[in-house]
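The values are calculated or read from the model by the stated rules, or taken from the named source; none is laboratory data. Note that the coordinates shown come from a computational prediction; the quantities given were computed from them, not determined experimentally. Neighbour counts are summed over all protein chains in view; Cβ atoms, including those assigned to glycine, are modelled from backbone coordinates with ideal geometry. Heads up: the accessible areas ignore ligands, DNA and RNA and are worked out on the full protein's heavy atoms, side chains in. Shrake-Rupley method; radii C 1.70, N 1.55, O 1.52, S 1.80 Å.
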Amino acid sequence: MPTAAWAAPTTQVIQGEVLRLVSVADWDAASSLLPGEPVQWDVAISADAPDPGIVRIAVSAAGDAPLTLDASLCMREWEYTGCPGGATTLRTGWSIPRDGVEIALAEVADTEVAHLRLTITLNANDEGGTTDVRVHAQGAGESAVVGPGGGLATTGLSPIVPLAFGAGALLVATGAVLILDRRRRAVRDKEDAR
């Protein structure tokens, strides 16, 4: 089996209030991926949480190029020869769905540093196209994501939640005004009928 490409890795650090992702990958090699020539991507996931908890690690992919993925987790920093103490194999030869949905890989205590290694290969039946793979981490009320185009850390609720609350409040207020107006008309009609 061919070894993963690792020529000119780029390091990206995604730092939230709690979560930290450190991504190391050769994105140039990944952007010109050929069938049977894997590219390696390492992501260290850590948290500085005020209370003990769990960090969930997931991946997602979106695009039209079929990819095969191997995923391993090491609880110590990867060395050139592999994982000191042995890695946990999470997925092997997995044809990752390309629908953008997050797929859980692992959960670790937020006191631990998880070192995720992905080996990504373009399937031989590729007919051209691209697929973006992303690594997601969630824990302590925060989520972070990293991928080829960079990363993002968010804290708290999804930005859609305040919009939903605002729309709900507007509907309640409109309903209250309509009910009040209807009652006033009913009282006025009753007085006019006398």
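Per residue, what accessible area does the stretch 1-123 have, given a 1.4 Å probe and all protein chains present, in Å²? Could you put the intermediate results ahead of the total?
Values: 6320 Å² over 123 residues.
Solvent-accessible surface per residue comes out at 51 Å².
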Next on the checklist: Give me the one-decimal nm value for the distance between modelled label points at Val13 and Glu77, 7 Å along each residue's Cα-to-Cβ direction.
Outcome noted: 1.3
Checklist outcome for this item: Applied in sequence order to the stretch 106-111, the curve 6.51 cos²θ - 1.76 cosθ + 1.60 (Karplus, θ = phi - 60°) yields integer Hz couplings, x standing for Gly and Pro, of 7, 10, 9, 5, 6, 8
Checklist entry - Suppose every K and R has +1 on its Cβ and every D and E has -1 on its Cβ; what is the size of the dipole of the stretch 1-143 about the Cα centre, in Debye to the nearest 20? => result 220
Checklist outcome for this item: Going residue by residue through the stretch 85-96, the Karplus relation 6.51 cos²θ - 1.76 cosθ + 1.60 with θ = phi - 60° gives ³J(HN,Hα) values, rounded to whole Hz and with x marking Gly or Pro, of x, x, 9, 9, 7, 9, 8, 9, x, 8, 7, 5
Next on the checklist: Suppose the chain between Ser32 and Asn125 were pulled fully straight at 0.36 nm per residue; how much longer would it get relative to their current alpha carbon spacing?
Outcome noted: 31.9 nm
Next on the checklist: Using the Cα atoms of the stretch 18-59, I'd like the radius of gyration and the largest Cα-Cα distance, Dmax, both in angstrom.
Outcome noted: 14.7, 45
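Summing +1 for each Lys or Arg and -1 for each Asp or Glu, what net charge is found among the other residues whose Cβ lies under 12 Å from the Cβ of Ala65? Numbers along the way, then the final one.
On the way: positive: Arg98; negative: Asp64, Asp126, Glu127, Asp132.
Summing Lys/Arg as +1 and Asp/Glu as -1 gives -3.
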Checklist entry - What is the extension gain from Ala106 to Asp48, computed as 0.36 nm multiplied by their sequence separation minus the C-alpha to C-alpha distance, in nm to one decimal? => result 19.1 nm
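How large is the charge dipole for the stretch 1-81, taken about the Cα centre, if only the Cβ atoms of Lys, Arg (+1) and Asp, Glu (-1) carry charge, to the nearest 20 debye? All intermediate terms of the calculation are to be shown ahead of the outcome.
Values: 3 positive and 11 negative charges, 26 e Å.
Computed about the Cα centre, the dipole is about 120 debye.
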Item to check | Built amide H within the under 5 Å cut-off of Leu105, gap 5+ | outcome: Ile57, Ala58, Val59
Item to check | Projected-area mean, the stretch 1-149, by convex hull of Cα positions, square nanometres | outcome: 8.4
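Considering only the other residues whose Cβ falls under 15 Å of the Cβ of Thr121, what net charge follows from Lys and Arg at +1 and Asp and Glu at -1?
Values: positive: Arg91, Arg98, Arg117; negative: Asp26, Glu37, Asp70, Asp126.
Taking every Cβ under 15 Å from that of Thr121, the sum is -1.
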